[in-house]
Structure formats: structure tokens, C-alpha cells
1. Would you confirm whether any residue within region 5-21 is more than 30 Å from V468 (Cβ to Cβ), open to solvent by less than 40 Å² (accessible area, probe 1.4 Å) and not acidic (D, E)?
2. Scan region 578-594 and tell me whether some residue there is open to solvent by 30 Å² or more (accessible area, probe 1.4 Å) and among the basic types (K, R).
3. Search region 460-471 for residues being touching a strand residue (DSSP E or B) at 6+ places or on another chain (Cβ under 7 Å) and more than 10 Å from the ligand (Cβ to nearest atom), and hand back the single one that is nearest to S653 (Cα to Cα).
4. Could you please let me know if Q141 is polar (S, T, N, Q), touching a helix residue (DSSP H, G or I) at 6+ places or on another chain (Cβ under 8 Å) and surrounded by fewer than 18 Cβ atoms within 10 Å (Cβ to Cβ)?
5. Right, A537: within 14 Å of the ligand (Cβ to nearest atom), touching a residue at least 60 places away in the same chain (Cβ under 8 Å) and closer than 14 Å to V485 by Cβ or not?
6. With respect to L471, determine if the residue is open to solvent by 20 Å² or more (accessible area, probe 1.4 Å), within 30 Å of T53 (Cα to Cα) and not small (G, A, S).
7. Scan (1) open to solvent by 40 Å² or more (accessible area, probe 1.4 Å); (2) touching an Asp or Glu at 6+ places or on another chain (Cβ under 8 Å); (3) within 14 Å of S28 (Cα to Cα) for the single condition R54 breaks and write down its number.
8. Only residues that are within 15 Å of the ligand (Cβ to nearest atom) and open to solvent by 80 Å² or more (accessible area, probe 1.4 Å): list them for region 494-518, please.
Amino acid sequence: MFSTAFLDIPPLASASGTVRLPGSKSISNRVLLLAALASGTTTIHDLLDSDDTRVMLDALRALGCGIDAAGSTLRITGMGGQLKPGGPLLPLFLGNAGTAMRPLTAALSLLGGEFELSGVPRMHERPIGDLVDALTQLGCQIDYLGNPGYPPLRIRPVDHGALALDAPIRVRGDVSSQFLTALLLALPLAARKDIVIEVVGELISKPYIEITLNLLARFGISVRRDGWERFTIPAGSSYSSPGDIHVEADASSASYFIALGAIATGARGQKGIRIEGVGADSIQGDIRFIDAARQMGAEVDSGPNWLQVRLGVWPLKAIDLDANHIPDAAMTLAVMALYADGPSTLRNIASWRVKETDRIDAMANELRKLGATVESGPDFIRVHPLAQADWRPATIRTYDDHRVAMCFSLAAFNPAQVPVRILEPHCVAKTFPDYFETLFSVAEAHEIPVICIDGPTASGKGTLAAEVARLLGYHYLDSGSLYRVTGLAMRRAGLSADPQHEAQIAALASALPLHFTEGKVLLAGEDVSDDIRTEAAGMDASRVSTLPAVRAALLALQQRFRQLPGLVADGRDMGTVIFPDAALKVFLTASAAQRAERRHKQLISKGISTTLDSLRSDLEARDARDSSRSVAPLKPAQDARHLDNSQLSIEQSIDQVLNWWQEVQPFKHA
Ligand code: DC
């Protein structure tokens, strides 16, 4: 996951390949609650692991459910519809998860017990009054702790004998379908007799109600439905665990990859994008996004649990759509509209205004930053396509809304080849923590950005490069470690750094079974991180690095580190030989006296005794050797920027490099 302040997506050219998507959020949180209310144990496969499901799991754990997670399966031992009696008031924090707040409010007000439900500030702006009204009508005890109509809430124990079950329970259906879902999931707790729910107003987002009914049926509860106005929970309903249940991949998450297939897979006949884990048999309403994508020109094939998407027509065809049935996935259409042959209109989407953020305003604001003309109203948005000359490099605000972040990544395929900066990219963790990694696994860039940091030994380039990489969310290449590993492999093969062994050492170097994970260097699976850091290994590295065939053998290996979204590479010839086209090259220096002092401190802290004078003369001798040697001498690239860090702290050096990087980017400060 990207935990950086921003993520720069370079201009992307095309996409192809296969993606597996995380589990559906809507199914995951419903199944978790149903399994918790049922008796017995339910094994859930492929559950979504994200912020919203973690919030639900924490709440269920606090309520006393047994929860065992192992890999992608999770076992829940339910409460059998009953809470352990006499517990103290239980505070539950539900983040910004509407799929936890609404159903838990209904279930907890019928379970008995005292609770306080709260969330992040935005959660306290998302309406819940219509659900609370329906529950109080029935006899539940719920108070507002802040603004009436909104969380946080206080729930007090209910008197089941006094519940008004004879009259139909009336609930509004035109603000959020989650109110009805919450009642449907929870009311079986009170089904001494038939319970009738009547929907007031036109029900929105009907497909989400279908998911609810489908999953209730899997847990043994058959709700009778008359149109979309009346639902009856039969007397005697009780939750029974299905034993095992599989969660489909998230159809809303699939929308980004369906869009990718439609805009980025090039001409007919190409492979396109294959999506595994969700397909034509899906019970999720957002699977209907494929109809809208087809209408815009995508070619979509499907099987029971897979989709295959290719570019069909180009530019895409503009669309005018009532998107009420696919409110979440329709945001993706708003970005696809930039690539269409005329203005596209999405109607009947008032619910966008009460989601993670006001999504109509958010989409309109950010699409305008890209250069687009956008009109919007209380319940619609109209997006005009962008001509090649009108695209602008934009810094996209994401409003802590995962879908805004994911949608706008699709703007990186623009024909003007401008990059897109996504602020706070970690907000995708709400439903799809590895979204960007998944996108990058199938996307091809026009050019992947590289920052090179060269400089003499002990200048601090390793520390600087690793930190700059971390702050930008880029990959990091410590090229010295490749020479060190080659030296180690040479020793282990019984060779020495003689010119007569050059070809053999080069052969070893070109086939190093090397992996970098979690800061460790693995050679054929063995952790050699410490072995390559010894003085002797440094000497071997220095010797093998003077063999031209070895340098040539390591060239391609080093270039393979250049992967999306970008690379920071450190080492003596990064800017001159390996990545001569790098957009920023830094040549880091510090006086020999300063470097000797830093190394002295390092060695002392390791308990190695030495003198400053001898270190300094060693360094000076090494500098002279390094810059005069015939193979790969240490010299700055002609276009390198020099940074003398003798008087700078590490933070100041990092700031300088980041400022230079910002200067070579086209983004204006947002
Ligand atoms: O940076 P380091 O100490 O880990 O480098 C080990 C040796 O490899 C050192 O002698 C310099 C050499 N080297 C090189 O020749 N070219 C590089 N790109 C990186 C390191």
C-alpha cells in the first residue's frame, strides 16, 4: 500500500494482463454480521481485508464473537442471536464505514445491551435519522449524542415484549438503501410474528437490497418481497449458518479494470484485461457496470466468475444514463467520459452527495483540474470530453474517498501524456489496499521516472536515496549491493577477481538468484544482508566492479528495477551508464573530513576502534583511485546537480532533492 503524502502516476500508454480483485465490501460486511448473529461457526472464504471490514470485525470481537483468521479464510463463531447479558456500556468506533454503522445500529438496538456508536467526523455528517425513526417507532431506545439525525448514537436495552410488531414498520428508501438493508438484516432478531417493512418514497440503489435478500437466504431467512415497497420477514425466522461461504470479488472495484480494458488495451485482437473472481453470475448490482461500459464501446466477454475486456470503439461513445442502480461504479463512467466523443450525463445520483464525501462536487472539482468542462446539479453530473491539447497535469484531491483516488488513476492514460498526482493515495485502503500495485502490474508507461543519486563513498547517498524513494513511493535500487552479492557469489564458487575468471564471474552476475524483500537481500533464498556488509565483502565488490564483463552483465538487471511508479537508484554510474535519460541526477559530495567523521562515528558505535586520521587518508586515497580508474571511474554526469551535504542534515538533503524533483515535474502546487 502507498502510505506517501502523494503518488505521481506517470503518463500511461497501455494495459494488458490478468488481475485478481479483493472481495466485495458489501458482501463481506453483510456476511460478517449475519455470521455473528447466527449460531455455530461460519467459515468465510476470500473476505475483503480493508479498513471497512476491519472496523466491522473489531466491533464483532468487542461483542464477544469468536474470530479466527488464517490466510484468506476467517472463522466466526456467532452469538446465536443473543448477547451475553449484563455487560457494561460498550463504545464502538466505526470509522467511515456506512456498511458497519447502519446495520449495527439496527442489530444492536434489538440485541439488548448498552452501546455508543461513533465514527470519523465525516461519519457524523452522514444521515441515519430515517433508520433511527423506523427503529424507535418499533420501540427501540436510541438517542443522538451530537446532531439529531446523525451519529454518534447511544443505544439502550430494548424491551422485546413491548415491541410494536403489529403495524408495518415504515422506512424511507430514497436517501440510502442501507436503512432498509439494516432493518432486513436485524429484524429476524424480533420475528415472533410476521414483521412487515414498508418503504416510503422511491427506493434507490435496489441492487444492494438484492444482495441483502440473497445473503439472508443463505443464512436461512426467506424474506417475502412485494414489488420494492413491502417486505415481510416470516414469523419464526432465525439465522442459521451455511457453514462455508465464499465472497465474490468486488464488482465496484472491477469497474476500474473494466474501464482500463475499454480505454487502454489498444487495437482489436489484443489480449485486453482479464478480471478473475467476479463475472456474469455475480449477485452484486455493480456488475451492471458492464452494460454501461459496453454502451460506451467496451468489448466485454464474461463467464460465471471472470470478465475479459478490450477496447472496442475509439473514442468512446458518450453516454446519457440513469445511474441510480450503479451509484458507486458510475463514478468510473465520469472519468471514462473524458475519452468520449461528446458530453456524457449521469442522472439520478443524488445519493453521491451523502457518501464518503459529496461525490458530485468532488468529481466536478477534480475533473475541472484536468481541464474538463463539467456541469452538475443536485442529482446529476455532465462531463465534456477533453481534446488532446486541453489536458492539464493535475494534483487530485481525494477527500478521504477511496473511489475518487481509484477513478482518477484512469486519467493517466491521457493522450497528452501528462502525469497525474493523487493526494493521500492510502485512502484506497477503505476497500482496495493494493489498488495501485494492481494497476501498475498491468499498465505500461511511456517512460518510468528515475532519480539517480551518485557520489563518492561515505557521502550518505544510500540513506538519502532510500528515504527519497520511501517519500515518493518509488522503488529503490542500491546498485552497490549487486556488486557485493556478485563478490559473494564469486567467493562461494571458489573464484577470485582475476581477469582470467572474468567471464565466469560475469556469468554468475547475469543469473544471480536475487530477491529483495523487507529490507533484506536474499541469494537463492538465503538471507545474505549481513554477509555482504563486511569489509571483506566490500573489497571483493570493489574488485569485481572493475571487470567490464561483470558491469555489462549487471546492466540489464539494474535496468529491470525501473518499474512503476518510479525508481530512485544509487551508485556510481547510475546517471552516466545505467539510466542516462533519468529526469533528475544528483551528485552527492561531502568533504573528506566530514565523511571520515561520519564513518568514524559509525565504526565506534559498532565497537570497532580506528582513528579519524587513518580513515580520512583511506577515503582520500579511495577517491583518487575511484576517479582515476579506467573502468567506471567516479565522475558526475554532465547534467547532474551537485549537492554538497558537508553542512546539511539528512532532512535538509532530502528536502533539497525533493525540491529539485518538484522543479522537473509539471505540477503546480495545488
Ligand atoms: O556502495 P557500495 O559500497 O555498496 O559499493 C560496493 C562496491 O561496488 C564499491 O567498491 C563501489 C562499487 N560500485 C560500482 O562500481 N558501481 C555501482 N553502481 C555501485 C557500486
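1. Step one: filter region 5-21 for residues more than 30 Å from V468 (Cβ to Cβ), giving 16, 18, 20-21.
In the following step, the residues that additionally are open to solvent by less than 40 Å² (accessible area, probe 1.4 Å) were identified as 21.
Going one step further and asking which of them are not acidic (D, E), we end up with 21.
The answer is yes, given that some residue of region 5-21 is more than 30 Å from V468 (Cβ to Cβ), open to solvent by less than 40 Å² (accessible area, probe 1.4 Å) and not acidic (D, E).
2. Looking through region 578-594, none of the residues is open to solvent by 30 Å² or more (accessible area, probe 1.4 Å) and among the basic types (K, R).
3. Taking region 460-471 as the starting set, the residues that turn out to be touching a strand residue (DSSP E or B) at 6+ places or on another chain (Cβ under 7 Å) are 460-462, 464-466, 468-469.
Imposing the further condition that a residue be more than 10 Å from the ligand (Cβ to nearest atom) reduces the set to 460, 464-466, 468-469.
On the way: G460: 10, L464: 7, A465: 10, A466: 12, V468: 10, A469: 13 Å.
By that ranking, first place goes to L464.
4. yes
5. no
6. Values: open to solvent by 20 Å² or more (accessible area, probe 1.4 Å): yes; within 30 Å of T53 (Cα to Cα): yes; not small (G, A, S): yes.
Yes.
7. For R54, the exception is condition (2).
8. If the condition is that a residue be within 15 Å of the ligand (Cβ to nearest atom) and open to solvent by 80 Å² or more (accessible area, probe 1.4 Å), then F516 is the only one that fits.
The values are calculated or read from the model by the stated rules, or taken from the named source; none is laboratory data. Here the structure is a predicted model, which is why all the values come from computation and not from measurement. Positions of Cβ are backbone-derived with ideal geometry, glycine not excepted, and every protein chain shown enters the neighbour counts. Just so you know, the surface numbers come from the protein's heavy atoms only, side chains and all, with ligands and any DNA or RNA stripped out. Shrake-Rupley method; radii C 1.70, N 1.55, O 1.52, S 1.80 Å.
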